[in-house]
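Following: one structure in structure tokens, then a few remarks.
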Amino acid sequence: MSEESPRPPAADRQAEAAAENRRLTSPDARYGARLRRQSSASVLLNAVIEADRANLARTMAALQADGTLEQAAGRVVAARRRFVLGSAKSRAHATLLHLELSASLAGVTLIDEAAVRAIDVLSDVRPTDVLIAFSFRRYARPTIVVAREFAAAGGHVVAITDDAGSPLAAAAHTTVVVGTGSASFADSPTAISAVVHALATLTAASAKGARRRLARREGLAHALAIYSDE
């Protein structure tokens, strides 16, 4: 009876998984590699949970070590005007951050190409402005172009992206790298949502008048009967 070969260390397995994740560049390729085999729902669910848990832990540990999330929060608090941008799937992340920041800070604007257009914002960029932009592979071109123009006009760009070498990072002054490793055909949004939550928390804790603004909003929510739990 032959002896089983020892399993590689956890760090090696994580590195291999990360390398495979970067190699599988499209949803179709990821589906073929991960979901074509017949697996029970419970096995697949366990794989998704474990991948998200490991990815979230790696992302947060890296951000604790490099301090980029605190740097980004400092830039957002110090800015006079804050703009948030995300194209395609990243629009959901940008919308979430816009809602979170707006609760405690004034002067937060979502560039949505409906009420607020990028061309109008770029026509009046000031050195005290900050743009928080989201871009993850396959890196939607409109976000990259707007970020480059915003930086060229003198504003500060905070990139939230999945790779320090991404096209968005090349246009940014501050880059927050978020892992999106997954066991699914889609890259995971779990760590992105956690970073949005952490960034909004750090800015609220540092912003002058945040508590007063939150209290005022609570009173207005009650007066406007927005929520059903009152």
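In segment 159-206, the residue that is farthest from the chain's Cα centre (by Cα) out of those that are closer than 17 Å to R82 by Cα and either in a loop (DSSP other than H, G, I, E, B) or free of Cβ contacts under 8 Å to residues at least 24 places away in the same chain (or both) is A205.
When A221 is tested against (1) at pLDDT below 95; (2) outside any helix (DSSP H, G or I); (3) under 24 Å from A92 (Cα atoms); (4) out of contact with any Gly (no Cβ under 8 Å at 6 or more places or on another chain), just one condition goes unmet, and that condition is (2). Against the numbered list (1) closer than 24 Å to K89 by Cα; (2) under 16 Å from the mean Cα position of the chain (by Cα); (3) in a helix (DSSP H, G or I), R137 comes up short only at (3). Would you check if R138 is over 21 Å from R217 (Cα atoms) and either of a type in the set (F, W, Y) or out of contact with any strand residue (DSSP E or B) (no Cβ under 8 Å at 6 or more places or on another chain) (or both)? Yes: the conditions hold for R138. Scanning segment 122-170 for residues that are closer than 16 Å to A72 by Cβ and modelled with pLDDT under 95 turns up nothing. Checked against the criterion of being within 18 Å of A171 (Cα to Cα) and assigned to a strand (DSSP E or B), the candidates I132, I119 yield just one match: I132. Annotation: of all residues in segment 87-112 being part of a loop (DSSP other than H, G, I, E, B) and crowded, with 19+ Cβ neighbours inside 10 Å, the one that is farthest from the chain's Cα centre (by Cα) is L105. Remark: pairs (first residue in segment 208-219, under 10 Å from A103 (Cα atoms) and loosely packed, with under 11 Cβ neighbours inside 10 Å; second residue among the hydrophobic types (A, V, I, L, M, F, W, C) and at pLDDT 90 or above; Cβ separation under 7 Å; 6+ apart in sequence or on different chains) are absent. Of all residue pairs spaced 6 or more apart or on separate chains, none has beta-carbon atoms under 9 Å together with a first member in segment 46-73 that is among the aromatic types (F, W, Y) and a second member that is surrounded by fewer than 15 Cβ atoms within 10 Å (Cβ to Cβ) and part of a helix (DSSP H, G or I). Given the criteria surrounded by 23 or more Cβ atoms within 10 Å (Cβ to Cβ) and closer than 26 Å to A106 by Cα, does A172 qualify? Yes: the conditions hold for A172. Report whether or not Q71 is over 18 Å from A172 (Cβ atoms) and surrounded by fewer than 21 Cβ atoms within 10 Å (Cβ to Cβ). Judged against the criteria, Q71 is not a match. Would a scan of segment 25-38 turn up a residue that is at pLDDT below 95 and buried (at least 18 other Cβ atoms within 10 Å of the Cβ)? Yes. Residues of segment 145-174 that are among the hydroxyl-bearing types (S, T, Y) and under 19 Å from T95 (Cα atoms): T161 alone.
In segment 91-104, the residues that are in contact (Cβ under 8 Å) with a residue 40 or more places away in the chain reach residues that are among the hydroxyl-bearing types (S, T, Y) and not in a helix (DSSP H, G or I) with C-beta atoms within less than 9 angstrom, at least six apart or across chains, in these pairs: A94/S87.
One line per residue, one yes/no per condition, for (1) in contact with a strand residue (DSSP E or B) (Cβ under 7 Å, 6 or more places away or on another chain); (2) surrounded by fewer than 19 Cβ atoms within 10 Å (Cβ to Cβ); (3) farther than 30 Å from A215 by Cβ:
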position: R81; (1), (2), (3): yes, yes, no
position: L85; (1), (2), (3): yes, no, no
position: A114; (1), (2), (3): no, yes, yes
position: A153; (1), (2), (3): no, yes, yes
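The values are calculated or read from the model by the stated rules, or taken from the named source; none is laboratory data. Just so it is clear, the structure is predicted and the values come from calculations on it, not from any experiment. So basically every Cβ, Gly included, is an ideal-geometry build from the backbone, and we count neighbours across all protein chains shown.
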